[in-house]
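Have a look at the structure below before the remarks.
The values are calculated or read from the model by the stated rules, or taken from the named source; none is laboratory data. Treat the numbers as computed from the prediction; the structure is a model and nothing was measured. Neighbour counts are summed over all protein chains in view; Cβ atoms, including those assigned to glycine, are modelled from backbone coordinates with ideal geometry. Only protein heavy atoms, including side chains, enter the accessible area calculation; ligands, DNA and RNA are left aside. Shrake-Rupley method; radii C 1.70, N 1.55, O 1.52, S 1.80 Å.
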Amino acid sequence: MKKIIILGGPTASGKSKFALKLAENLNGEIINADSMQVYKHFSILTSQPKKNDYNLIPHHLYGYIDVNIHYNAIKWLNDAKLKIKNILNKKKIPIVVGGSGLYLEFLCKGVNNMPKISIDTRNKVNLLLDGIDDLELLHLIKKIDYEYSLKINIADRLRISKLLEVYFETKNNITYFHSKRKKTNNYRYFKVLFSPNKEKVKLNIEKRFHEMFDEGLVVELKKYKDKVRNCNIENAIGFKEVSSFIDNKITIEELTALVIKKTKGFAKRQYTWFDNRFEQNLKVSGQDNLSLVVETFDKII
């Protein structure tokens, strides 16, 4: 079976740097699996690899989608499969790296054909969640979907809302729809979770924001933000905040505090997702674990 490395982990963990070293050691090429790094013009905002990195190792699916195009996980999956095939044909190892869990899940497990949820059902779920305590909610979700309830935290209201919406809309639970997935390939995946200490990631987030600012984050937004039409890049952390700073609606201190706070919150959610759903073959905590990953890949694949 064809061999592929999946390298997942939270933002500002250092996984892109680790992927670069991994590619150098295993004759690999890197494929982006970050939903924001696919877009053109915003390389600083989305922390895309530096130009020197591209010169060292081929990188794919970075900065290639126009910012007036709606892009999603299904489109990425089709693009990624083509890149994987091309890299394998060159007898090299594809290394898919990113923090967008849905992208990685679609690649490894197949597309999840969840039903469309009506406005009435969404309203019903919102009313329910407003009037129920955690103990009652836990009992309810276990009754609806015991298997899926074991994978989520009671504080994760986004996924709990989805669980309830799917059930109220269809009378089938999420586990049922997961069982209907169709795998679209026969690759063998070696899944590595790059997960440093949380305090280190928090410090990295603060340091990275200041570096982004020094690299020209504000100039980048001034130059390109008005080109954005119907594009998810508007949801990238920092886009709205920097835009508000440019329009003199917030100060530099407020901008810094907002972006760092939101990024830390995002990293926390990513930790939760990867811990609950990634199902890694190997978990590493830092750059010094490179030899462990290389050796394990050689042995178990």
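For a test of the definition: using alpha carbon positions, the gyration tensor, and the 1.5 limit on a/c, classify the range 261-301 as rounded, prolate or oblate.
Numbers: a/c = 5.21, a/b = 1.97, b/c = 2.64.
Because a/c hits 1.5 or more and a/b fails to exceed b/c, the range 261-301 counts as oblate.
Think of a 1.4 Å ball rolled over the protein heavy atoms: the chain then has 53 Å² of accessible area per residue.
Sorted on the mean count of surrounding Cβ atoms within 10 Å across their residues, most packed first, peptides 139-146, 51-58 read 139-146, 51-58.
Restricting things to Cα coordinates, could you compute the convex hull volume per residue of the range 5-100 in Å³?
Working: hull volume 8.6 nm³, N = 96.
Per-residue hull volume (Cα only) is 90 Å³.
Of the peptides 20-28, 65-73, the order by per-residue mean of other Cβ atoms within 10 Å, starting with the highest, comes out as 20-28, 65-73. Remark: the chain projects, on average over all directions, an area of 16.9 nm² (convex hull of Cα atoms).
For the chain, a Gaussian network of Cα nodes joined below 10 Å ranks LYS75, LYS90, LYS198 by mean-square fluctuation, and the top entry is LYS90. As a ratio to 2.2 N^0.38 Å, the alpha-carbon radius of gyration for the range 58-181 is 1.33. Could you tell me what % of all Cα pairs in the range 73-136 have separations over 14 Å? Result for the distance tail: 71 percent.
State the percent of C-alpha pairs, over all pairs in the range 165-301, separated by a distance greater than 17 angstrom. Working shown, then result.
On the way: 6845 of 9316 pairs.
Of all Cα-Cα pairs in the range 165-301, 73 percent lie more than 17 Å apart.
Please list the three semi-axes, largest first and in whole Å, of the ellipsoid equivalent to the range 194-275, using sqrt of 5 times the eigenvalues of its alpha carbon gyration tensor. Before the final figure, lay out each step's value.
Details: eigenvalues 119, 47, 24 Å².
The three semi-axes for the range 194-275 are 24, 15, 11 Å.
Largest mean-square fluctuation among GLY131, GLY101, GLY110, in a Gaussian network model of the chain whose springs join Cα atoms under 10 Å apart, belongs to GLY131. Plainly put, the range 232-301 has a radius of gyration that is 1.22 times its Kirkwood radius, both from alpha-carbon atoms, as the Rg/Rh ratio. The fraction of accessible area contributed by carbon and sulfur in the range 199-301 is 49 percent, rounded to a whole number (1.4 Å probe; ligands and nucleic acids excluded).
Using a probe of 1.4 Å on the protein chains alone, the accessible area found for TRP273 is around 50 Å².
The relative contact order of the chain, computed from alpha carbon pairs under 8 Å that lie at least 6 residues apart in sequence, is 30 percent.
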